[in-house]
Amino acid sequence: MDRFEMFGSELYVLRTAHAGVDGDRVRRKILELDPEAVLVELCEGRLLSFLAELRGEQAGSQTGGITGRLVAVAERIVGRIVGGELGDDVKGAIEAALELEAEIVPVDMDISWVFRRMKMKASRWELLKFQFSVAIDVLRSLLRPGQTRDVVLSSVADEEAAREMVRGLRRAFPRIAEVLIDERNRVIAENTIEFLHSREDVTKAVLVIGAAHYGVLDILRDAELESASRHDDEDTASGEGEEETAG
């Protein structure tokens, strides 16, 4: 877990895997931290779907076409292999926020727009290769579940392992990685920073992101340094003003 300080707030970042992570463990950790806000790697539409599902209602579906459906099926299969259901981490986060009566804040890009962007930026050949690769990964997971479990868990526990996983995706599918990882990293980080900057009433928040989004941490570290520098400049200016008044 990573901790940041900016704009007078504490931000704790929980890195998880969306498939195969114990949602109750995420829930307990957030309850322990007791934040006023829980930020989740979801768009508003997906958050509403999760809330509907928790209420036992029929959740809406935002598939993102063939590629979106294929990715969702792959994540669900991998989750069951590892020992959990797809989205258990996010459900645990939402459940904790509801128990604490904390604000739930979606900070991700709209999922349907993500897949539209992928279709716009990637060539048809890259999309076909990506779909084929996902299908092969599912088959490999079914044949070698132990290996899949090790890969998923190491991506959560080891930052370098997760970064290498992303680098592999970027080498094989550069345009898809640009949308699926880089653009979403910027949106998630910028929405998180904007929320903290605009909400003086929030002194502690938790952000829950997937293991592939370590790039979010890099942006947050830069924002933390900028926030600290700005605070130091304000203190210096305030001190100089007091000296002039006293003189």
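The values are calculated or read from the model by the stated rules, or taken from the named source; none is laboratory data. Computed from a predicted model, the values in this text were never measured in an experiment. Counting neighbours? That spans all protein chains shown, and the Cβs are built from the backbone with ideal geometry, glycine included. Ligands, DNA and RNA are excluded from the accessible area calculation, which covers all protein heavy atoms including side chains. Shrake-Rupley method; radii C 1.70, N 1.55, O 1.52, S 1.80 Å.
Within the range 76-89, the set of residues being within 19 Å of the chain's Cα centre (by Cα), open to solvent by 10 Å² or more (accessible area, probe 1.4 Å) and either of a type in the set (A, V, I, L, M) or modelled with pLDDT of 60 or more (or both) comprises Val78, Leu86, Asp88.
Which ones in the range 203-226 are farther than 24 Å from Ile176 by Cα and either out of contact with any Gly (no Cβ under 9 Å at 6 or more places or on another chain) or among the acidic types (Asp, Glu) (or both)?
Matches in the range 203-226: Lys204, Ala205, Val206, Leu207, Arg221, Asp222, Ala223, Glu224, Leu225, Glu226.
Across the range 35-45, the number of residues qualifying as open to solvent by 60 Å² or more (accessible area, probe 1.4 Å) and at pLDDT below 95 comes to 1.
Condition test on Ile94, is it open to solvent by less than 50 Å² (accessible area, probe 1.4 Å), within 30 Å of Phe4 (Cα to Cα), at pLDDT 85 or above and not in a helix (DSSP H, G or I)?
In short, no.
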